[in-house]
Amino acid sequence: MAKVTQIKPGASLFPAADNGRNPGTRFDLVPVRDVRINRSAIERRAATMSTRRTVKKDWQAAWLLHAVKTIDLTTLSGDDTVGTVKRLCAKARQPVQQQLLADLGLPDFKLHTGAVCVYHRFVSTAVEALAGSGIPVAAVSTGFPAGLTPFPLKIEEIKASVRDGAAEIDIVISREHVLTGNWRALYDEVKAFREACGPAHMKAIIATGELGTLKNIGRASMVCMQAGSDFIKTSTGKEPTNATIAGSLVMVRAIRQYYEQTGHKVGFKPAGGIRSAKQALDWLILMKEELGDEWLQPHLFRIGASALVNDVERQLEHYAYGRYASMQYQSLG
């Protein structure tokens, strides 16, 4: 039976990093206008991401266990119920069966997801279900997913989620500001959202699939960081095109540029369509190569997903037992 020898119980695969907030900066149009995109080079880099680098055997199992710690376990469906959310929170507390961890040689390994992400309606339910676990609740807000509700209602929704106990707020930007090049309006909007979040960390969803160009993705990322976003996030998961390696590459390089300019670290969250363990490894490799080990920690990197944790567990079972379990034996999120 396989053993994951690289991880000690309770340890992390990657070193911890500073957990400071991004205070933002004044609005500066110069670095926004200076965003340059070499589309062919980005597409070439994205196309070779999964072929140039890989991890195998013990290291693959170790990376997958780390990936679980970065997942924002999510349910954002119209048929969500209190029972659905409670079940999701139970999965977040114990994402991988304890017996499987023991068979991997990690009987005392403490493992839970990075957060649980729900609509405002279920924030208090999730907070209660996760009490004492240390797992934060993230709420999608500001008229998610389209972001077309009146601005005062967006602010009130953020404040209501924070009052109910949300430690993280995933806001959506007004795509119109990006598509019309009204960068000052985007900055003012996101800055107001950041102020409404108070102590809660804010993730700005820029909806890459609806911004038209890679240059718009880079510019929107820069403006959201200037406005104080603690994370920038690819997608709502509701767009026709969600997280892609190419769009993510533009975003993480904007994060690196912002850090070099200001010294402030901003996190990154790909979301939408990430369902397989292999995809999770691709994004971990991207973060390691572009930003380094520090950005692999849950407070600087999250994966927004609902079904991903089940495929990760199946891959770990194959590593431990030499066979795949049927999906019917996977506990549902």
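The values are calculated or read from the model by the stated rules, or taken from the named source; none is laboratory data. As the structure is a computational prediction, the values presented were derived from the model and not from experiment. Here Cβ is always computed from backbone atoms with ideal geometry, including for glycine, and neighbour counts include all displayed protein chains. Each accessible area value is taken on the protein alone, full model and side chains, heavy atoms only, with ligands, DNA and RNA left out. Shrake-Rupley method; radii C 1.70, N 1.55, O 1.52, S 1.80 Å.
Results, tabulated for the structure shown:
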item	result
Relative packing of 134-140, 154-160, 251-257, which averages over residues the other C-beta atoms within 10 Å, highest first	134-140, 251-257, 154-160
Of all DSSP beta bridges in region 29-329, antiparallel share, percent nearest 5	0
Distance from region 250-272 to region 195-239 (C-alpha centre basis), Å	10
Quotient of Cα Rg and 2.2 N^0.38 Å for region 29-329, N being how many residues it contains	0.98
Computed Rg/Rh of region 194-325, alpha carbon atoms with Kirkwood Rh	1.01
Given charges at beta-carbon only (K, R positive; D, E negative), |dipole| of the chain in Debye	640
Overall form of region 48-195 per C-alpha gyration tensor (a/c, 1.5; a/b vs b/c)	oblate
Peptides ranked, highest mean first, by Cβ atoms within 10 Å: ranges 171-178, 42-49, 228-235	228-235, 171-178, 42-49
Summed side-chain charge close to ASP164 - residues other than ASP164 whose Cβ falls under 14 Å, Lys, Arg +1, Asp, Glu -1	-1
Virtual spin-label span in nm between LEU153 and GLU128, 7 Å along Cα→Cβ	2.7
Net charge contributed by nearby residues that have their C-beta within less than 12 Å of TYR187 (K/R +1, D/E -1)	+2
Label-to-label distance, nm, for residues given as GLU43 and ALA325 (7 Å Cα→Cβ offset)	4.2
Accessible carbon and sulfur surface of region 29-329 relative to its total accessible area, %, 1.4 Å	51
Alpha-carbon centroids, region 30-68 and region 141-176: separation in whole Å	30
Choice from GLY83, GLY165, GLY304 with maximal GNM fluctuation in the chain (Cα, 10 Å cutoff)	GLY83
